[in-house]
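Novice: I'd like to ask some things about the structure below.
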Amino acid sequence: MGDASRKALAEADVIFGGPRHLELAGAGSKGQPWPVPFSTGPVLAMRGRKVAVLASGDPFWHGAGGSLMRDLAPDEWISYPVPSCFALAANRLGWKLEEVLCLGLHAAPYARLRSLLGNGTRVICTLRDGGAPAELADWLTAEGFGASKLTVMECLGGPRQRVRSAKAEGFELQSIQAPVALAVESAGSKGLPQASGLADTQFTSDGQITKRPVRALTLSALAPRAGELLWDIGGGSGSVSVEWCLAAPGAQAITFEPRESRLENIRANAAAFGLDHRMKPVLGKAPAVLDGQPLPDCVFIGGGGSQALLDHLWNILPEGTRLVANGVTLETETLLMQAHAARGGHLLKAEIAEAGPLGSMRDWRRARPVIQWSVTR
C-alpha cells in the first residue's frame, strides 16, 4: 500500500475487508470482516463516518468497488488502486493483457468459460481457494481441454508468491495456497461455434426444441444486442434463450414455460452454458404469467401462440419492441398470416429437408414447414 492508503487506514473509524486483508493491514479493533454471504449493506449503513474498505488490487476490476459505487455519490468516496492480480499475473507470464480474457471465478461456476474457450485462448481467472485449480482442471478435461497448460499463481506480489505449471489432464499440484489465480492456455477442443445454430445435442431436451436450422433463422430475426432483455414465451428447452444470451454481452432472457419438467431442462441448459445469472426460468402460461415482469426489448413466441396473446403483447409492449413468432400448425399459420396482414412486418415460410437413408440409398426427410412472423411494435 502507498502512503495515501496507509493514511486513510490510520484515520478510519472502521475498516472493512476479508479476514486475510484485515490481518495483513493490521486493522486491529477497527477491523470488521465482510458478512457472509457478501453484502455492502454494513458499509453503506455507516455513511457519514470515516470508513475504509480493503480490496485486492484494483477494486474496479472484479473487485468490491463496483458493488459499492452503485449506491454512493461521486463525492462520497475515493479509491487508491494498485496493480490487480490480473496485471501481476500477466507481468509474470509475459502476456499482453489486452489479448487475454480476465474472469472472476472465485464465486462463479466454471461453466462461465464454456462459450469463451477455444484452441489457443488465454484466460486468467481468480479462484475460490487452494482446491479450486484441481476442480477447474477436471472441468476443462471433461470439456475436451485436457491438453491445456495451467499456471497456478499463489499469493502474487507478496513474499509467499509461488508459480507452478501443469497440464489440465492428470493435474497433480498439491498444497496450493490462497489467494490463487490461474492462467489457462487452452488446447485440445476447438470450443463452441460462435455462430447461431448450435447442434441440438448440446441441449438437454425432451424433444421440444427449436431445431438448429430454424433456431439460426430465429436468432437472425431476433437480432440480439448487448444488454437487451428477451421474453422467450413457450421456452421448451430454452435453446433460443441460451443462444440469445451467448450472442451479445450482457444480454438476458426470461424464459416462460408452463410445464415444470421442461422448466428443469431450461435450468439445466442455463447452468451448462454458465448462463444461470442471465437466464430466468419462470413457470406459467402466457399471457397471465407476463404480469409484473420487466418489459423486454424483444419477444419470441415459440409455442402457445394465440390471438389473445398477440393482442396482449401489442397492448403492453413499448414502441420499438421487436416480436418474432414461429408456428408449425395450420391454426398458428392462419393466426400469423392474419397478424401480418393487420400489423405488417415480415412473413417467412421455411421448408427444410435433410438427407437420410432409404434402403441402400438416400432420400430427403422433410421437416414440418415453419412460418415465422417478425415485426417491430
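The values are calculated or read from the model by the stated rules, or taken from the named source; none is laboratory data. Keep in mind that this is a model prediction, so the values were computed, not measured. Methodologically, a virtual Cβ is constructed for each residue, glycine included, from the backbone with ideal geometry; neighbour enumeration extends over all protein chains shown.
Novice: Out of all the residues in region 131-187, which are out of contact with any helix residue (DSSP H, G or I) (no Cβ under 7 Å at 6 or more places or on another chain), in a strand (DSSP E or B) and under 24 Å from P19 (Cβ atoms)?
Specialist: E154, R162 - these are the residues of region 131-187 that are out of contact with any helix residue (DSSP H, G or I) (no Cβ under 7 Å at 6 or more places or on another chain), in a strand (DSSP E or B) and under 24 Å from P19 (Cβ atoms).
Novice: So which residues in region 203-244 are small (G, A, S) and assigned to a loop (DSSP other than H, G, I, E, B), if there are any at all? Outline the logic, then answer.
Specialist: Step one: of region 203-244, the residues small (G, A, S) are 205, 207, 216, 220-221, 223, 226-227, 234-239, 241.
Within region 203-244, S205, G207, A223, A226, G227, G234, G235, G236, S237, G238 meet the criteria.
Novice: Turning to a different aspect of this structure: Just for region 303-320: of the residues that are exposed (fewer than 15 other Cβ atoms within 10 Å of the Cβ) and not hydrophobic (A, V, I, L, M, F, W, C), which one is nearest to S239 (Cα to Cα)?
Specialist: S306
Novice: Same structure, new question: Would region 223-236 turn up any residue that is crowded, with 23+ Cβ neighbours inside 10 Å, touching a Leu at 6+ places or on another chain (Cβ under 7 Å) and of a type in the set (G, A, S)?
Specialist: Checked against the condition, which is being crowded, with 23+ Cβ neighbours inside 10 Å, touching a Leu at 6+ places or on another chain (Cβ under 7 Å) and of a type in the set (G, A, S), region 223-236 yields no hits at all.
Novice: Then there is this: Anything in region 276-293 that is over 16 Å from E228 (Cα atoms), of a type in the set (A, V, I, L, M) and out of contact with any Pro (no Cβ under 9 Å at 6 or more places or on another chain)? List them, or say none.
Specialist: Within region 276-293, V282, A288, L290 qualify.
Novice: Could you tell me whether region 58-81 includes any residue that is in a strand (DSSP E or B) and either modelled with pLDDT of 90 or more or not assigned by TED's automatic domain parsing to the domain that holds L105 (or both)?
Specialist: Quick first cut of region 58-81, residues in a strand (DSSP E or B) only: none.
There is no residue in region 58-81 that is in a strand (DSSP E or B) and either modelled with pLDDT of 90 or more or not assigned by TED's automatic domain parsing to the domain that holds L105 (or both).
Novice: Output the number of residues of region 1-18 satisfying the condition of being without any contact (Cβ under 8 Å) to a residue 60 or more places away in the chain, over 10 Å from L54 (Cα atoms) and part of a helix (DSSP H, G or I).
Specialist: Number of matching residues: 5.
Novice: Going through A367, A342, A268, A272 one at a time, which residue ends up being exposed (fewer than 12 other Cβ atoms within 10 Å of the Cβ) and either aliphatic (A, V, I, L, M) or closer than 26 Å to R114 by Cβ (or both)?
Specialist: Testing whether each residue is exposed (fewer than 12 other Cβ atoms within 10 Å of the Cβ) and either aliphatic (A, V, I, L, M) or closer than 26 Å to R114 by Cβ (or both) leaves just A342.
Novice: Out of the residues in region 321-332 that are outside any helix (DSSP H, G or I) and not hydrophobic (A, V, I, L, M, F, W, C), which is surrounded by the most Cβ atoms within 10 Å (Cβ to Cβ)? Talk me through it step by step, then tell me what you get.
Specialist: Just the residues of region 321-332 that are outside any helix (DSSP H, G or I), to begin with: 321-329.
From the residues that got through so far, the ones that are not hydrophobic (A, V, I, L, M, F, W, C) too are 321-322, 326-327, 329.
Values: T321: 18, R322: 22, N326: 26, G327: 22, T329: 11.
Only one residue tops the list, namely N326.
Novice: Return the pairs, sorted by first residue and then second, in which the second residue is aliphatic (A, V, I, L, M) and part of a loop (DSSP other than H, G, I, E, B), the first residue lies in region 73-89 and is buried (at least 18 other Cβ atoms within 10 Å of the Cβ), the beta carbons are less than 9 Å apart, and the residues are 6+ apart or on different chains.
Specialist: C85/L156; F86/V100; L88/L156; A89/V100; A89/L156
Novice: Shifting gears a bit: Name the residues in region 156-171 that are loosely packed, with under 15 Cβ neighbours inside 10 Å and over 24 Å from A187 (Cβ atoms), would you?
Specialist: G158, P159, R160, Q161 - these are the residues of region 156-171 that are loosely packed, with under 15 Cβ neighbours inside 10 Å and over 24 Å from A187 (Cβ atoms).
Novice: Also, I was wondering about something else. Go through (1) in a loop (DSSP other than H, G, I, E, B); (2) surrounded by fewer than 23 Cβ atoms within 10 Å (Cβ to Cβ) for V282 and report which single condition fails.
Specialist: V282 satisfies every listed condition except (1).
Novice: Right, another one. Report those strands (runs of 3 or more DSSP E) wholly inside region 333-377 carrying at least 2 residues which are within 18 Å of S306 (Cβ to Cβ).
Specialist: Numbers: elements: 346-350, 353-358, 361-366, 370-376.
Qualifying strands (runs of 3 or more DSSP E): 370-376.
Novice: Taking the criterion of being among the hydroxyl-bearing types (S, T, Y) and under 26 Å from V375 (Cα atoms), would at least one residue in region 254-272 satisfy it? Please lay out each step first, then the result.
Specialist: Filtering region 254-272 for residues among the hydroxyl-bearing types (S, T, Y) gives 255, 261.
Right, trim to under 26 Å from V375 (Cα atoms) and you get 255.
Scanning region 254-272 turns up at least one residue that is among the hydroxyl-bearing types (S, T, Y) and under 26 Å from V375 (Cα atoms).
Novice: Can you tell me which of (1) part of a helix (DSSP H, G or I); (2) under 20 Å from the mean Cα position of the chain (by Cα); (3) of a type in the set (V, I, T) is the one I124 doesn't meet?
Specialist: Just one mismatch for I124, condition (1).
Novice: Return the total of residues in region 82-121 being more than 21 Å from the chain's Cα centre (by Cα), farther than 21 Å from M1 by Cβ and in a loop (DSSP other than H, G, I, E, B).
Specialist: 4
Novice: How many residues, within region 245-268, are closer than 12 Å to T204 by Cβ and either in a loop (DSSP other than H, G, I, E, B) or under 12 Å from the mean Cα position of the chain (by Cα) (or both)?
Specialist: Matching residues across region 245-268 total 0.
Novice: Of these, T210, T141, which one is within 23 Å of the chain's Cα centre (by Cα), on the phi < 0 side of the Ramachandran plot, surrounded by 17 or more Cβ atoms within 10 Å (Cβ to Cβ) and modelled with pLDDT under 95?
Specialist: Numbers: T141 fails: modelled with pLDDT under 95.
Step by step, each of T210, T141 is checked, and only T210 is within 23 Å of the chain's Cα centre (by Cα), on the phi < 0 side of the Ramachandran plot, surrounded by 17 or more Cβ atoms within 10 Å (Cβ to Cβ) and modelled with pLDDT under 95.
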